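K.L.:
Before anything else, here's the structure in question.
All of the numbers you see were taken from the coordinates with simple rules; none came from a lab. Because the structure is a prediction, the values reported are computed rather than measured. Here the Cβ positions follow ideal geometry from the backbone for every residue, glycine too, while neighbour counts run over all protein chains shown.
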Amino acid sequence: MTELAGGYLLGLGSNINPQHNFAAIVRQLLRHFDALHLSRVLHIPPVGMNSHRDFLNAVAFLETDMEEAALKAICNKIEVELGRDREDPNSKLKDRPADIDILAHFSSPDDWQRSASSLTDEYFLYPLINELRAFLTDAATTPIMQKGTLVSTDGLTFGETAATIHRD
């Protein structure tokens, strides 16, 4: 098993200009962190909202000892910079250029043994969480049947498989 430091599991998404904005989310996170571990990126229909726009969704793990409030401030700032109106009380029900949710804090390797359903109620992320867990802990997992979506930005391509992306 790969030894991971503590950190946070994030849910990432975009359904307004998703190719561009999803790439921007990753670029912005890498401005604040040396690396991020990312699941494959999937097209997922909107859940809990009335929209015809599919999301690009993934989960990411950031190794950091940062306090959750500080991470939340960074995530909110990125969402706003990409055009999300966080002041709108209905923003959770509307299309959005960026959605970054803190799903769980992991403080020990044992936290990776928790089931996906204990980390979030966003069931559409369960296969991505399980994939990232397997990628980071060298564990076996059931393969995701849906093909990952290629995302490109500034010479960086990702999304078709789980990967670790470093700032440089």
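K.L.:
Please state the shape class of the range 32-104: rounded when a/c is under 1.5, otherwise prolate if a/b exceeds b/c and oblate if not, all from the C-alpha gyration tensor.
P.N.:
Because a/c hits 1.5 or more and a/b fails to exceed b/c, the range 32-104 counts as oblate.
K.L.:
Same structure again: Calculate for the chain the 222 nm mean residue ellipticity that helices alone would give, adding -39,500 (n - 2.57) per DSSP H run of length 4 or more and normalising by residue count, nearest 500 deg cm²/dmol. Before the final figure, lay out the partial values.
P.N.:
Details: 4 runs with 45 residues, N = 168.
Helix-only estimate at 222 nm: -8000 deg cm²/dmol.
K.L.:
I need the calculated FRET efficiency for the pair LEU156 and ARG86, taking r as the beta carbon distance and R₀ as 35 Å, to the nearest 0.05.
P.N.:
0.85
K.L.:
May I ask you to order 4-10, 34-40 by the average number of other C-beta atoms within 10 Å around their residues, highest value first? Before the final figure, lay out each step's value.
P.N.:
Numbers: 4-10: 18.6, 34-40: 20.9.
By packing density, highest mean first, the sequence is 34-40, 4-10.
K.L.:
Still on this structure, please answer the following. Could you put ILE102, ILE129, ILE44 in order, starting from the residue whose Cβ has the fewest other Cβ atoms within 10 Å? Numbers along the way, then the final one.
P.N.:
On the way: ILE102 15, ILE129 25, ILE44 18.
Fewest-to-most Cβ neighbours within 10 Å comes out as ILE102, ILE44, ILE129.
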